[in-house]
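Asker: Sharing a structure, written as structure tokens. Questions coming.
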Amino acid sequence: MSDRLPGFSTLAVHAGAQPDPTTGARATPIYQTTSFVFNDADHAASLFCLQAFGNIYTRIGNPTNAVLEERVAALEGGTAALAVASGHAAQVVVLQQLMQPGDEFIAARKLYGGSINQFTHAFKSFGWNVVWADPDDISSFERAVTPRTKAIFIESIANPAGSITDIEAISTVARKAGVPLIVDNTLASPYLIRPIDHGADIVVHSLTKFLGGHGNSLGGIIVDAGTFDWSTGGKYPMLSEPRPEYHGIRLQETFGNFAFAIACRVLGLRDLGPALSPFNAFMILTGIETLPLRMQKQCDNAKAVAEFLAGHPAVASVSYAGLASDKYNQLARKYAPKGAGAVFTFSLKGGYDAGVSLVSKLQLFSHLANVGDTRSLVIHPASTTHSQLDDAAKIKSGAGPDVVRLSIGIEDKEDLIADLEQALGA
Ligand SMILES: *Cc1c(COP(=O)(O)O)cnc(C)c1O
């Protein structure tokens, strides 16, 4: 072997995986088992008090899931990762390690609609308070910091309009405030943007989207950058203080730069329980092998479709950061030079009715609530994913009544354009 560090596409295929030591199986086997036999009583005891790493029970860890964790950690440039049942589960598990009742976290206003709901309503019942800031106005993050702020949460490429967030500028605010920056990297995937390279401390994903990539399996993952010092100021007792669940162990002291991933596993996943099925881990791992190929094709297709729409008389505007005229184009060139993603919005001159009509006339695009599939998808956010928001909040989050969101797949771009042309013209 040369001492060359493997490139991204090589890691996408190989990171974390070895031929199976017992059978020689080259694809990662699905370890479809709930539990694992201990070598002896001492081995069992050492696993239970975190003195040894190993498999106990699939709610806490599983060998198929472990390959997925190692692979995504490698692709994102993190120290360790934890796979969970969905993107939303990843968000709960991350914040549970950071937040006590009455604490606050700051979140960018431009987010996946489900995250806006989760933060506003579900988290409120845990006593976790979200404070919204505007990703286009960095000073709004600074102004939102209080002594109870425990984290900042942003999306690298933000739903639904595909806008690009200035991760470095917001990481400077987080550093000054002494709190970790959490980046939801779902729409970019590490192929386009690696938030840790720009100052993120924690990366979360819905694996359901581009990483799995085929619209067939839910999953989520948490990546620990290993960059944050959890011991400062007693702000993060889950990480810095002795844990009664594990004979008084201090996680940061014991596990150093992967303590956060360990906390998520042994305090979050173990006790909250959103484990990823090994079958889904297998499906997602298979998807990740082709991530670089799919993502590049999806970005190239998205740019062609966005250019077509920008020139169409029924279209009022297109919000795609890959267009030279777009307000996020400078940020796209800096953060996502290979392509500005495959999810974007456009608005129709005919408003709400035109949006609903377009969605019903499209044939190749599937009308559904997902993104990041090999197939091209369409949705009208105002009547679906963002329907719970009032009109002002809809517009602020980029989901006004006239807005249609596309997620572009890997089909031939000429066919996608022809479908849009017939639906817009008819
Ligand atoms: C889908 C999505 C989520 C939630 O993920 P699930 O796997 O559906 O729970 C979170 N963030 C973004 C950006 C998403 O697109």
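The values are calculated or read from the model by the stated rules, or taken from the named source; none is laboratory data. As the structure is a computational prediction, the values presented were derived from the model and not from experiment. Cβ coordinates were reconstructed from backbone atoms using ideal geometry, including for glycine residues, and neighbour counts include every protein chain displayed.
Asker: Keeping to the range 334-391, report how many residues are part of a loop (DSSP other than H, G, I, E, B), of a type in the set (Ser, Thr, Tyr) and at pLDDT 95 or above.
Answerer: Selection size over the range 334-391: 2.
Asker: Shifting gears a bit: With respect to ASN55, is the statement that it is in contact with a helix residue (DSSP H, G or I) (Cβ under 7 Å, 6 or more places away or on another chain), outside any strand (DSSP E or B), farther than 23 Å from THR186 by Cβ and in the same structural domain as GLY220 (by TED's automatic domain parsing) true? Give the derivation first.
Answerer: Working: in contact with a helix residue (DSSP H, G or I) (Cβ under 7 Å, 6 or more places away or on another chain): yes; outside any strand (DSSP E or B): yes; farther than 23 Å from THR186 by Cβ: yes; in the same structural domain as GLY220 (by TED's automatic domain parsing): yes.
Yes; evaluated as a whole, the condition is true for this residue.
Asker: Which of the residues that make up the range 118-164 are within 14 Å of the ligand (Cβ to nearest atom), farther than 22 Å from GLY199 by Cβ and in contact (Cβ under 8 Å) with a residue 40 or more places away in the chain?
Answerer: PRO160, ALA161
Asker: Quick check: is even one residue across the range 377-387 crowded, with 20+ Cβ neighbours inside 10 Å, more than 16 Å from the ligand (Cβ to nearest atom) and more than 24 Å from the chain's Cα centre (by Cα)? Outline the logic, then answer.
Answerer: Let us first name the residues in the range 377-387 that are crowded, with 20+ Cβ neighbours inside 10 Å, namely 377-382, 385-386.
Remaining after also requiring more than 16 Å from the ligand (Cβ to nearest atom): 380, 382.
After this cut, where a residue has to be more than 24 Å from the chain's Cα centre (by Cα) as well, the list is none.
No, the range 377-387 has no match at all.
Asker: Residue under question is ILE249, and the condition is that it be assigned by TED's automatic domain parsing to the domain that holds ALA80, touching a residue at least 12 places away in the same chain (Cβ under 8 Å), touching a Pro at 6+ places or on another chain (Cβ under 8 Å) and over 30 Å from LEU377 (Cα atoms); does it hold?
Answerer: So ILE249 passes the test.
Asker: Let me ask something additional. How many residues, within the range 183-235, are within 16 Å of the ligand (Cβ to nearest atom) and touching an Asp or Glu at 6+ places or on another chain (Cβ under 6 Å)?
Answerer: 6
Asker: Is it the case that the range 96-115 has a residue that's in contact with a Leu (Cβ under 9 Å, 6 or more places away or on another chain) and modelled with pLDDT under 95?
Answerer: Within the range 96-115, one or more residues are in contact with a Leu (Cβ under 9 Å, 6 or more places away or on another chain) and modelled with pLDDT under 95.
Asker: What number of residues in the range 99-114 are within 16 Å of the ligand (Cβ to nearest atom), buried (at least 23 other Cβ atoms within 10 Å of the Cβ) and not in a loop (DSSP other than H, G, I, E, B)?
Answerer: Going through the range 99-114 one residue at a time, the tally reaches 3.
Asker: When you look at GLN91, is it within 14 Å of the ligand (Cβ to nearest atom) and outside any strand (DSSP E or B), yes or no?
Answerer: Values: within 14 Å of the ligand (Cβ to nearest atom): yes; outside any strand (DSSP E or B): yes.
Spelling it out, GLN91 is indeed within 14 Å of the ligand (Cβ to nearest atom) and outside any strand (DSSP E or B).
Asker: Let me ask something else. Regarding GLN96, is this residue within 15 Å of the ligand (Cβ to nearest atom) and assigned to a helix (DSSP H, G or I)?
Answerer: For GLN96, the condition - within 15 Å of the ligand (Cβ to nearest atom) and assigned to a helix (DSSP H, G or I) - is not met.
Asker: Condition first: surrounded by fewer than 17 Cβ atoms within 10 Å (Cβ to Cβ) and either modelled with pLDDT under 95 or not hydrophobic (A, V, I, L, M, F, W, C) (or both). Now tell me which residues in the range 290-299 satisfy that.
Answerer: GLN296
Asker: Collect the residues in the range 210-223 that are surrounded by fewer than 24 Cβ atoms within 10 Å (Cβ to Cβ) and within 14 Å of GLN298 (Cα to Cα), keeping them in residue-number order.
Answerer: HIS214
Asker: On to the next question. Check the range 39-54 and report whether any residue there is surrounded by 15 or more Cβ atoms within 10 Å (Cβ to Cβ) and in contact (Cβ under 8 Å) with a residue 24 or more places away in the chain.
Answerer: yes
Asker: Sort through ARG59, ARG71 and tell me the only one that's surrounded by fewer than 24 Cβ atoms within 10 Å (Cβ to Cβ) and either within 30 Å of GLN18 (Cα to Cα) or modelled with pLDDT under 95 (or both).
Answerer: Residue meeting the stated conditions: ARG59.
Asker: Residue check: is ASN65 outside any helix (DSSP H, G or I), out of contact with any Ser or Thr (no Cβ under 6 Å at 6 or more places or on another chain) and either more than 14 Å from the ligand (Cβ to nearest atom) or at pLDDT 95 or above (or both)?
Answerer: Judged against the criteria, ASN65 is not a match.
Asker: Scan the range 143-155 and tell me whether some residue there is acidic (Asp, Glu) and in a loop (DSSP other than H, G, I, E, B).
Answerer: No, the range 143-155 contains no residue that is acidic (Asp, Glu) and in a loop (DSSP other than H, G, I, E, B).
Asker: Restricting to the range 336-373, name every residue that is closer than 16 Å to TYR191 by Cα and more than 16 Å from the ligand (Cβ to nearest atom).
Answerer: Passing the criteria: PRO337, LYS338, GLY339.
Asker: Now for a separate question. What is the one condition in (1) more than 26 Å from SER115 (Cβ to Cβ); (2) touching a residue at least 60 places away in the same chain (Cβ under 8 Å); (3) not in a helix (DSSP H, G or I) that ALA304 does not satisfy?
Answerer: For ALA304, the exception is condition (3).
Asker: Quick check: anything in the range 388-399 under 24 Å from the mean Cα position of the chain (by Cα) and over 27 Å from LEU218 (Cβ atoms)?
Answerer: yes
Asker: Just a yes or no: is a residue in the range 165-180 assigned to a loop (DSSP other than H, G, I, E, B), under 20 Å from GLY409 (Cβ atoms) and in contact (Cβ under 8 Å) with a residue 24 or more places away in the chain?
Answerer: No.
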